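Notes to accompany the following structure.
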Amino acid sequence: MTQEVSSQRRRGHGTQPWPLRDYAFLGDGERGALVSPRGELVWMCAPRWDSDAVFSRLIGGAGRYALLPDDDWQVSGGFYESGTLIRVSRWVTADAVLLTRDALALPATPERLVVLRQISVERGPSSGAGVRMYLDPRPGFGKAAMGAWRRSQEGPGSVGGQGAVWETFGGGLRMRWSGAPEARPGADGALYGGFVLGEGERRDLVLEIATERASAGAGLEPHGLWKETERRWRQSVPDCSDLLAPRDARQAYAVLTGLTSGAGGMAAAATTSLPEHAGEGRNYDYRYAWLRDQSYAGIAVAAHGPHPLLDGAVDFVTARVLADGDSLRPAYTVTGERVPDEHSLGLSGYPGGSDRVGNKAGGQFQLDTFGEVLQLYAAAAPHGHLDNPDVRRAVDVAVAAVERNWQQPEAGLWELEKRWWTHSRLSVVAGLRALAAQLPEREARRHQRLAATVLEGTRARCLRGDGVWARAADDPNMDAGVLLPLARGCLPEEDPTAARTVAAVQAELAEDGYVYRFRHDHRPLAAAEGAFLLCGFMMSLAVDRLGDRPAAFRWFERNRGAYGPPTLYAEEFDVEQRQLRGNLPQGFVHALLLENAVRLAEE
């Protein structure tokens, strides 16, 4: 191989997509970013979760931001600093070892974000190690152009006195980038550059993106930004040494924290349109707050102890219930607004996926949402939340809505056609029973009577002759979703249908320690979609409630291992290929992992 060819190979600028399992996530509660193994930010919406993306290479758009060794002959690995979303990558090249450190700065504000990137040389040649960087923001999912970059010398920059600041405007945003005085605009409008670091040296780059209406932010001095971000993470994520799998449980807290806005809403995931299964068409926008998912997170946290994530979940859900009553929707923006209708962006999408934004679930009625909300209130009661008059009013509103609507067909847990779904009604029963246990006897009677009425009606229509709970009143097949209300105590302990249903789900929807939602058709389970990690963790909770703790550990450990190198969970797991499927990171999977880690650590 000639030296020229070798040099070309080592200096390539490949931007091909990676398997989903390889992407790391940065989040600050108001928005999130995905970072590829090549050190490229390929996905980030700004300024909020559901805003247009400024980096959208992940789904075939334009825009990326890279910081990496100037040598493609390399291997990389990485980890999160414990209990944070500060991502550390370690690059080993032919003659050097470099570290990069990436984070979204805290505290976050809705109109302004700051991307912190730091690179240092752990070991390198006497001539130094080369570093490559480029910044190419493209608002509007790549369709809006930025203005010309202007360079100034305002304020301190990164270590080493790199005080130059690049600035530009476009797409309703203004951007400032410090720490890159060597950068130069290219013909495509992006900034490109490189520099050399000696062993033990480091360089900080700080990117600020703000709306044009936002007030001037703080300076771009990196040392203070890093210190405050580290402090905020230490303050936000509790020690989990008392839990099963404490490192993973702590990281689940960090992910849930990084998905939760200061307005209270928790984004279901950071991304849109990533495929559940190539070519199946199930590619959705999850950058919104599902009340069900947020209730799962609140219930998990409540099981561990009081925490701001629980307070935020209760407050956000309460505001939605009081505002909408019977018209409660399963999904809202993280600020509580209507979810926009689904439409296409005209991009190619991630391979096997699409380019949809908006979500039709924002206009659906899903009865189980009321059940999850009531379960959240019951879980929050020992932490004093029922003392709040607004919460008590929301409880009454939710219970009245169940009384009026529990017999109506609805879209259900999996957001399908309107039917009489079993899971929805059992979830309502679980919520009513759990809440009754937290109330004085006189107040509890209404909830107990309604729970008994709903259970009796559901038993008459949805219980098969063999004592197994069917998927729906008109569908005798299995649905793994029923595992969760069974685990949450919707049935009396002596009721044999719980054990029969759990066994039937294991026989019909489980393979190799993983659980699928339901059968789409006559194909093998794995041919239609990946195993649903949420359901795997539901199974762990369900068998534990039945008294089989060893089986609960097995289900927990099997599904806990279904992540890629960054230890993030997507919605689904391709068992055959050991790949993640669906949007990333999926909040409700991290929530159920956390709840299992709490429950299985109990005596």
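What to note about this one:
- Scanning the range 376-391 for residues that are exposed (fewer than 14 other Cβ atoms within 10 Å of the Cβ) and among the charged types (D, E, K, R) gives a single hit, Asp387.
- Within the range 226-253, the set of residues being crowded, with 17+ Cβ neighbours inside 10 Å, small (Gly, Ala, Ser) and over 19 Å from Asn559 (Cα atoms) comprises just one member, Ser236.
- Extreme residue, farthest from Ser295 (Cα to Cα), among residues of the range 336-376 that are aliphatic (A, V, I, L, M) and either assigned to a loop (DSSP other than H, G, I, E, B) or not assigned by TED's automatic domain parsing to the domain that holds Arg404 (or both): Leu347
- Any hit, the range 534-554, residues being touching a residue at least 24 places away in the same chain (Cβ under 8 Å), assigned to a loop (DSSP other than H, G, I, E, B) and in contact with a strand residue (DSSP E or B) (Cβ under 9 Å, 6 or more places away or on another chain): no
- Pairs, first more than 13 Å from Pro19 (Cα to Cα) in the range 569-582, second among the basic types (Lys, Arg), C-beta under 7 Å, six or more apart: Glu571/Arg581; Glu572/Arg581
- Of all the criteria given as (1) of a type outside the set (Val, Ile, Thr); (2) within 20 Å of Leu104 (Cβ to Cβ); (3) at pLDDT below 95; (4) not in a strand (DSSP E or B), the one not satisfied by His13 is (2).
- Residue match in the range 116-126 (condition: surrounded by fewer than 17 Cβ atoms within 10 Å (Cβ to Cβ), assigned to a loop (DSSP other than H, G, I, E, B) and not assigned by TED's automatic domain parsing to the domain that holds Ala252): yes
- Residues of the range 422-459 classified as under 31 Å from the mean Cα position of the chain (by Cα) and part of a helix (DSSP H, G or I), total: 14
- Count of the range 437-458 residues which are among the aliphatic types (A, V, I, L, M) and surrounded by fewer than 21 Cβ atoms within 10 Å (Cβ to Cβ): 5
- Filtered residue count, the range 488-501, keeping only those that are in a helix (DSSP H, G or I) and surrounded by 24 or more Cβ atoms within 10 Å (Cβ to Cβ): 2
- Condition met for Gly325 (outside any helix (DSSP H, G or I), surrounded by fewer than 22 Cβ atoms within 10 Å (Cβ to Cβ), small (Gly, Ala, Ser) and touching a residue at least 60 places away in the same chain (Cβ under 8 Å)): no
- Residue match in the range 560-568 (condition: under 30 Å from Ile86 (Cα atoms), in contact (Cβ under 8 Å) with a residue 24 or more places away in the chain and in a helix (DSSP H, G or I)): yes
- Residues that are in contact with a Gly (Cβ under 9 Å, 6 or more places away or on another chain) and of a type in the set (A, V, I, L, M, F, W, C) within the range 555-583 comprise Trp555, Phe556, Ala562, Ala570, Phe573, Val575, Leu580, listed in sequence order.
- Taking the range 400-418 as the range and being surrounded by 15 or more Cβ atoms within 10 Å (Cβ to Cβ), under 13 Å from Leu328 (Cβ atoms) and of a type in the set (D, E, K, R) as the test, only Glu410 passes.
- The lone exception for Ala601 - which of (1) in contact (Cβ under 8 Å) with a residue 60 or more places away in the chain; (2) outside any helix (DSSP H, G or I); (3) under 29 Å from Gly353 (Cβ atoms) it fails: (3)
The values are calculated or read from the model by the stated rules, or taken from the named source; none is laboratory data. Since the structure is predicted, the reported quantities are computational estimates derived from the model, not experimental observations. Glycine also receives a Cβ, built like all others from the backbone with ideal geometry; neighbour counts cover every protein chain displayed.
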